[in-house]
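The values are calculated or read from the model by the stated rules, or taken from the named source; none is laboratory data. Predicted, not measured: the structure shown is a model, and the values here were computed from it. Note that each Cβ is placed from the backbone with ideal geometry, even for glycine, and that neighbours are counted across all protein chains shown.
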Amino acid sequence: MDALTLPVGERGELVLRRPPGPAADAAPRQRPGTVQAVALSAAPGPPPPGLSPTKVIAYLHGPEPYLLIPDPVPGMHRTLVRWLRGGSAVVGPVVARADAGASLRWARTLLALAPQRPGAAGELLFVEDHLAQVVLFQDPLLAGHLSAKWLARLNDLTPRRREMLEQTLLAWLEGGGATRAALLLRLHPQTVRYRLRQLERLFGASLRTSQARFEILLALKIHGMAAEFARLRRRAEQLPAPRASEPHQDGPPGTR
């Protein structure tokens, strides 16, 4: 049987290899046109009936196991849900064969962000549903640098005051003005204008340039998502571990 593998290089290009033996003399199979990667936190159990080794290839050795799905067919998402539910895994997008490494890298980025609790049932996520998070956190160090570049000037405020100004600034950037921001925040426009004057003193002329406003919006999004991920991790760590004597009850399989 032909096996798909990722070479050592950084291009992530898939190659076909045939194991030695009688099958090596057989004609090589056609290379897949597309591929989909699945990043796993742990090796999954046996695949469900009907999922043959020719439909998915598993690399389960090492600290970062993953799956490769050549030419995913309609219904593969539902099959993955049945197979992987109960464990933490992230399904990357379907990409061209040469971009398989990118699909796996994006899936691993989201897997690293997802809260995980040892011994507890995990969650199956799809990169397609979290593209903004993956884009912003593909390089966590750079994302943190962008956030700190603009939001560090709020560090001297009290936590409550900082939260109020961050919410106002985000509503102003997304709404396009003080009136719309007041509607989004359900505040009197004069209250919003007062806060905006405070923000102008902190950010200066930067709020008048489109490039700076775009970066500040990204910084606020990064800060908000990072805070939410941190809250989810803390909640996951505080939950009691499932008892060994209590088998996990799976809910109905999801559909996609």
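Tell me yes or no: at least one residue of segment 175-196 is closer than 26 Å to residue 129 by Cα, modelled with pLDDT of 90 or more and assigned to a helix (DSSP H, G or I).
Within segment 175-196 (the criterion being closer than 26 Å to residue 129 by Cα, modelled with pLDDT of 90 or more and assigned to a helix (DSSP H, G or I)), the answer is yes, since at least one residue qualifies.
Checking residue 181 against (1) in contact (Cβ under 8 Å) with a residue 12 or more places away in the chain; (2) closer than 14 Å to residue 150 by Cβ, only one condition comes out false. Which one?
Among (1) in contact (Cβ under 8 Å) with a residue 12 or more places away in the chain; (2) closer than 14 Å to residue 150 by Cβ, the lone unmet condition for residue 181 is (2).
I'd like to know if segment 147-157 contains one or more residues that are acidic (Asp, Glu), more than 22 Å from residue 69 (Cβ to Cβ) and either in contact with a Lys or Arg (Cβ under 8 Å, 6 or more places away or on another chain) or not in a helix (DSSP H, G or I) (or both).
So far as segment 147-157 goes, yes, one or more of its residues are acidic (Asp, Glu), more than 22 Å from residue 69 (Cβ to Cβ) and either in contact with a Lys or Arg (Cβ under 8 Å, 6 or more places away or on another chain) or not in a helix (DSSP H, G or I) (or both).
Is it true that some residue in segment 44-56 is in a helix (DSSP H, G or I), more than 23 Å from residue 136 (Cβ to Cβ) and in contact (Cβ under 8 Å) with a residue 12 or more places away in the chain?
no
Checking residue 125 against (1) out of contact with any Ser or Thr (no Cβ under 8 Å at 6 or more places or on another chain); (2) closer than 27 Å to residue 85 by Cβ; (3) assigned to a helix (DSSP H, G or I); (4) of a type outside the set (Asp, Glu), which single condition isn't satisfied?
(3)
Filter segment 26-67 down to residues that are surrounded by 12 or more Cβ atoms within 10 Å (Cβ to Cβ) and over 24 Å from residue 123 (Cα atoms) and give me whichever is modelled with the highest pLDDT.
34
Among the numbered conditions (1) at pLDDT 50 or above; (2) out of contact with any Gly (no Cβ under 9 Å at 6 or more places or on another chain); (3) not charged (D, E, K, R), tell me where residue 83 comes up short.
Evaluating residue 83 over (1) at pLDDT 50 or above; (2) out of contact with any Gly (no Cβ under 9 Å at 6 or more places or on another chain); (3) not charged (D, E, K, R) leaves (2) as the failure.
So the check is Cβ under 7 Å with 6+ separation or different chains; which pairs have a first residue in segment 158-170 that's closer than 14 Å to residue 197 by Cα and a second one that's assigned to a helix (DSSP H, G or I) and of a type in the set (D, E, K, R)?
Short answer, once both residue conditions are applied: 164/195; 165/195; 168/195.
If I filter segment 163-171 for residues that are assigned to a loop (DSSP other than H, G, I, E, B) and at negative phi, do I get at least one hit?
There is no residue in segment 163-171 that is assigned to a loop (DSSP other than H, G, I, E, B) and at negative phi.
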